[in-house]
Amino acid sequence: MISDGLSVSGSKGRSSMPLRLSEGDSFRLRCSAVTTSPEHTHLHVTWQIKSGSAWRDILSLTHEGKFQPGPGYEERYRNGDIRLDTGANDTYRLSVSQASSADGGAYRCLVSEWVRGADGSWQRIQEKNVEIASVSIQRTALDVVISTSNVSVTERDSLDLTCNITTDRSGIFQAEVMWYFSASPDDTLADAQLLLSMDRDSVVSDSTLISLSHVDRNSYRLLVRDVDVEDSGYYFCEAAIWVPLHNGSWHKVVERTSAPVSVVVTALEPDYDVFLNASKTPKFSDDPTELHCRITNVQDTEANLRFAVSWYYRQRLRSDDVVADELLATMDADWTLLPGGRSRERIQNGEIIFSKKSADTFSLRIQWTSESDRGDYFCVVSAWSRHRNNSWVKSKDVTSAPVNIFWATQDYTLTVEAVKLKPFFVAGHTFEMTCKVSSKNIKTPRYSVLITAEKPLTDQSSPNGTTRIISLNQDSVVRLEDWTDQTRVDGVVLEKVQENEFRYRMYQTQISDAGLYRCVVTAWSPGGGGMWREAVNGLSNPIQIDFQTSGPVFNVSVHSDSPTIYQGEVADLLCIVTMEGMALEPDDMSFDVSWFAVRSFTLDREPILLASLDRRGIVTQSRRNGSSDISLERISPLEFRLRVHGCEDHDFGNHYCVVTPWVRSATGVWQREPDIRAKPIFLSVKMDVLNAFKYPLLIGIGLATVIGLLSCLIGYCSSRWCCKKEVQETRRERRRLMSMEMD
């Protein structure tokens, strides 16, 4: 049995002593452990803390000479914040650095004595403890306050904020200060922007427009020069207290953040006026309009200020209805033109021009103002200020007074008067008439003239009764319209006598020229892009050409001896001209004959021209699709025959002729009479059944006969040469029968 020789005591023989420390301080505790056992024993020393009802191990020096931290103290042991040292006189010293509130409580030294057995295992002999100290840790108080609550500064001024820190800590410590900016008061430090910081060594981070200075021991000043509108927001500072450790390092004991301070930066609005005037106003449609938007009384002329303009149009209504303003275009601070939706196409076509005449003058020009452009126009001038990051921000808008663009519009008036210069004339003479034009409410008009003739309904050249003869456009270019008389190509003339007077001449008038003649006048006004715009049309009074003559009267009829024929036969159709009244010599009259066909039982389809024979004897045939052919000839001075050779079923229908008589007057001039149309005759084409089946029947009989003879020939040849067999007959001995009597 081993005697009790272990004794454990505190520092200077005191069992327990109270210690009051501040957060972040360091402290040391000592205990002595001595054994007088004659055996070779080893001591196991453990420092423990009691902050509740149970003791917890802090750090141990085992009987094997190893250091063993308690649960939760491993990290602090590795960092050197907790150490256990041995000293003279069998003392064991516990050193604690960077004390925190968790280090408060009762400390004791627990010592056990161990001996190694014969089998090499360790056995604990006895154990004793002693309470060394009662440690209380007092938290470090730190208060961080910004001296100003809410701040309002003007753009380009300086922002001055002071952060005051107060602490109850004494001794050696250093403060660290950081200033933050946030757009919202609820943002965290992770979301906020760090402006400047001053570490515990009073080293300030670099910034051009922001400075941080240490005014006194507890005050730190933030100065922001040349503030901008973007600097509006919330500012707060964060402070931390650092204390030195025994190894020369520093430890942060406390950290606090101030309440945010609201800072409002008022924009420095430039002072200026906007004046809008019209240098050109329209009096008629398609006149130009020009507006000038001027910037006057500018107070701020610094280089970091630019102007942009927006042009607006507002339609003026007679009622009290509200009409939304329509954006025409915007010219921004970089002189970039941004067209609106309504004017985009007109801007691209050059009809609307936006420009900047000078630094303070913007212009809007409408090249050709239309009635839809009437209304109010105004401009909005925006001032743009340059910020510290070289970005441009709009600071102010000033709207001009509206300018009304309006002109009184009246209905266009156009009057056309036709005058016949020669009241009486006969066929073969020159017809002449003038058209005088007068207009109102049309700006610098030009006129285009068309001469028309209303012929009698017996004239087949114009089914609707109106013929377009010749025209002259607003550029004085003459054009023949429906004038088809090749012998009188130069027989009609239209010329411009004065700006509002036109003359029409027709040489060598014919009987067929009888009718009502009019002037159709169109007034044109200058339009956009050098084009002409049609304003109004006018129709003159009619001028009549009527020939009083006692000449012959012609009639036309169609005759056929056989209107019903069979396919393949020839159809003869006669166009017979009869004459009543004054008799003419055959050399003094001639005819243009045209044959037409309507491929239906009724006259409900368009007629088809078959052939024509002019008065010179020239025959013209139309193109045909079938195998039949036609011929046209004059068999007598008053008879014309149309033959259809090899008629087919599609040659049926109503056939008629149109005759144009030409009569030579006493002066030797050929006069054309009105066209005469004969009453149609129906041509019926039948099929000859006997002739249709005669040839197929003969061909069939012939083929059958040939095939039968050929079959007989093939059978005979086959039986004669191909199928012949030689039969050998057995030779029989011929003997005469002997008479029985001979036997």
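The values are calculated or read from the model by the stated rules, or taken from the named source; none is laboratory data. Note that the structure is predicted; figures quoted are calculated from it, not measured. Cβ coordinates were reconstructed from backbone atoms using ideal geometry, including for glycine residues, and neighbour counts include every protein chain displayed. Keep in mind that these areas ignore ligands, DNA and RNA; they rest on the heavy atoms of the full protein, side chains included. Shrake-Rupley method; radii C 1.70, N 1.55, O 1.52, S 1.80 Å.
Here are the numbers:
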item: Any hit, segment 669-676, residues being part of a loop (DSSP other than H, G, I, E, B), open to solvent by less than 80 Å² (accessible area, probe 1.4 Å) and among the aliphatic types (A, V, I, L, M); result: yes
item: Scan of segment 252-285 for residues that are more than 30 Å from K394 (Cβ to Cβ) and either open to solvent by 40 Å² or more (accessible area, probe 1.4 Å) or of a type in the set (K, R) (or both), ordered by number; result: K252, E255, R256, T257, A259, K280, T281, K283, F284
item: Flag if F591 is closer than 20 Å to S562 by Cβ and in the same structural domain as S560 (by the TED database); result: no
item: Residue in segment 660-673 that is more than 24 Å from T487 (Cβ to Cβ) and of a type in the set (G, A, S) present; result: no
item: Total residues in segment 573-602, condition surrounded by fewer than 15 Cβ atoms within 10 Å (Cβ to Cβ) and in a strand (DSSP E or B); result: 2
item: Search result, residues across segment 335-360 that are assigned to a loop (DSSP other than H, G, I, E, B), among the hydroxyl-bearing types (S, T, Y) and open to solvent by 40 Å² or more (accessible area, probe 1.4 Å); result: T336
item: Per-region count, segment 44-65, residues modelled with pLDDT of 85 or more and over 14 Å from D85 (Cα atoms); result: 9
item: Any hit, segment 221-237, residues being farther than 15 Å from V263 by Cα, of a type in the set (S, T, N, Q) and either part of a strand (DSSP E or B) or open to solvent by 30 Å² or more (accessible area, probe 1.4 Å) (or both); result: no
item: Exclusive hit being outside any loop (DSSP other than H, G, I, E, B) and in contact with a helix residue (DSSP H, G or I) (Cβ under 8 Å, 6 or more places away or on another chain), set R20, R30; result: R30
item: Complete set of residues in segment 372-397 that are among the acidic types (D, E) and either touching a Gly at 6+ places or on another chain (Cβ under 6 Å) or open to solvent by 30 Å² or more (accessible area, probe 1.4 Å) (or both); result: D397
item: Residue pairs meeting the criteria (Cβ under 9 Å; at least 6 apart or on separate chains; first closer than 16 Å to K679 by Cβ, in segment 593-606; second open to solvent by 100 Å² or more (accessible area, probe 1.4 Å)); result: V593/R634; F596/R677; V598/D604; V598/R605; V598/E606
item: Leading residue by the ranking (modelled with the highest pLDDT) among those in segment 303-337 that are aliphatic (A, V, I, L, M) and within 15 Å of K396 (Cα to Cα); result: V309
item: Members of segment 398-438 found to be open to solvent by 40 Å² or more (accessible area, probe 1.4 Å), within 25 Å of I470 (Cα to Cα) and modelled with pLDDT of 90 or more, listed by number; result: T415, E417, V419, K436, S438
item: Pairs, first open to solvent by 50 Å² or more (accessible area, probe 1.4 Å) in segment 130-154, second at pLDDT below 85 and among the charged types (D, E, K, R), C-beta under 8 Å, six or more apart; result: Q138/E23; R139/E23
item: In segment 603-652, the residues that are touching a helix residue (DSSP H, G or I) at 6+ places or on another chain (Cβ under 8 Å) and in a strand (DSSP E or B); result: V644
item: Any pair with Cβ under 7 angstrom, 6 or more apart, that starts in segment 59-87 at a residue that is assigned to a loop (DSSP other than H, G, I, E, B) and ends at one that is basic (K, R) and surrounded by 12 or more Cβ atoms within 10 Å (Cβ to Cβ); result: G70/R56
item: Counted residues, segment 10-31 - those being buried (at least 20 other Cβ atoms within 10 Å of the Cβ) and either of a type in the set (V, I, T) or modelled with pLDDT of 85 or more (or both); result: 2
item: Members of segment 447-457 found to be modelled with pLDDT under 90 and either open to solvent by 80 Å² or more (accessible area, probe 1.4 Å) or more than 20 Å from D546 (Cβ to Cβ) (or both), listed by number; result: L457
item: Residues within segment 88-97 that are outside any strand (DSSP E or B) and open to solvent by less than 40 Å² (accessible area, probe 1.4 Å), tallied; result: 1
item: Cβ pairs under 6 Å, 6+ apart, first in segment 677-688 and closer than 17 Å to W595 by Cα, second assigned to a loop (DSSP other than H, G, I, E, B) and among the polar types (S, T, N, Q); result: I681/S560
item: Residue check for S372: in the same structural domain as D325 (by the TED database) and either at pLDDT below 85 or farther than 14 Å from V309 by Cα (or both); result: yes
item: Matching residues, segment 459-490, being out of contact with any Lys or Arg (no Cβ under 9 Å at 6 or more places or on another chain) and modelled with pLDDT of 85 or more; result: R468, I469, V477, V478, R479, L480
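Let's see how each residue does on (1) basic (K, R); (2) out of contact with any Pro (no Cβ under 8 Å at 6 or more places or on another chain); (3) at pLDDT 85 or above; (4) under 25 Å from R664 (Cβ atoms):
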{"residue": "M531", "(1), (2), (3), (4)": "no, yes, no, no"}
{"residue": "N537", "(1), (2), (3), (4)": "no, yes, yes, no"}
{"residue": "S550", "(1), (2), (3), (4)": "no, yes, no, yes"}
{"residue": "V556", "(1), (2), (3), (4)": "no, yes, yes, yes"}
{"residue": "Q567", "(1), (2), (3), (4)": "no, yes, no, no"}
{"residue": "C575", "(1), (2), (3), (4)": "no, yes, yes, yes"}
{"residue": "G581", "(1), (2), (3), (4)": "no, no, no, yes"}
{"residue": "F596", "(1), (2), (3), (4)": "no, no, yes, no"}
{"residue": "R599", "(1), (2), (3), (4)": "yes, yes, yes, no"}
